[in-house]
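Scroll down for the structure; my scribbles are underneath it.
Each reported figure results from applying straightforward, stated rules to the coordinates on display, with no laboratory input. This one's a predicted model, so the numbers in the text were calculated from it and none came from an experiment. When we count neighbours, we look across all protein chains shown, and the Cβ atoms used for this are built from the backbone with ideal geometry, even at glycine.
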């Protein structure tokens with residue numbers, strides 16, 4: 001599982017066992033570089049489109 005920390009201080013969990021979430025920091029960074037966005041699925045909020053500018057850091061949990 002990965003933790004995504006946004007520039008506004010919000011923390012989101014990236015769980016690859018649900019939705020189509022990617023399972024590595026490198027894969028997320030590659031997607032952000034290629035498309036400028038990452039679509040994250042969470043049980044609480046459903047799909048969220050995160051832009052590369054929204055994300056402060058990615059951490060392994």
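Key figures
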read-out	value
Rule-of-thumb Rg ratio for the chain [Cα; 2.2 N^0.38 Å; N residues]	0.98
The chain: relative contact order as a whole-number percent, Cα under 8 Å and 6+ apart	40
Ellipticity estimate at 222 nm from DSSP helix runs (n ≥ 4, -39,500 (n - 2.57)) divided over the chain, nearest 500	-5500 deg cm²/dmol
Inter-label distance, nm, simple model (7 Å from Cα along the C-beta direction), residue 25/residue 7	2.0
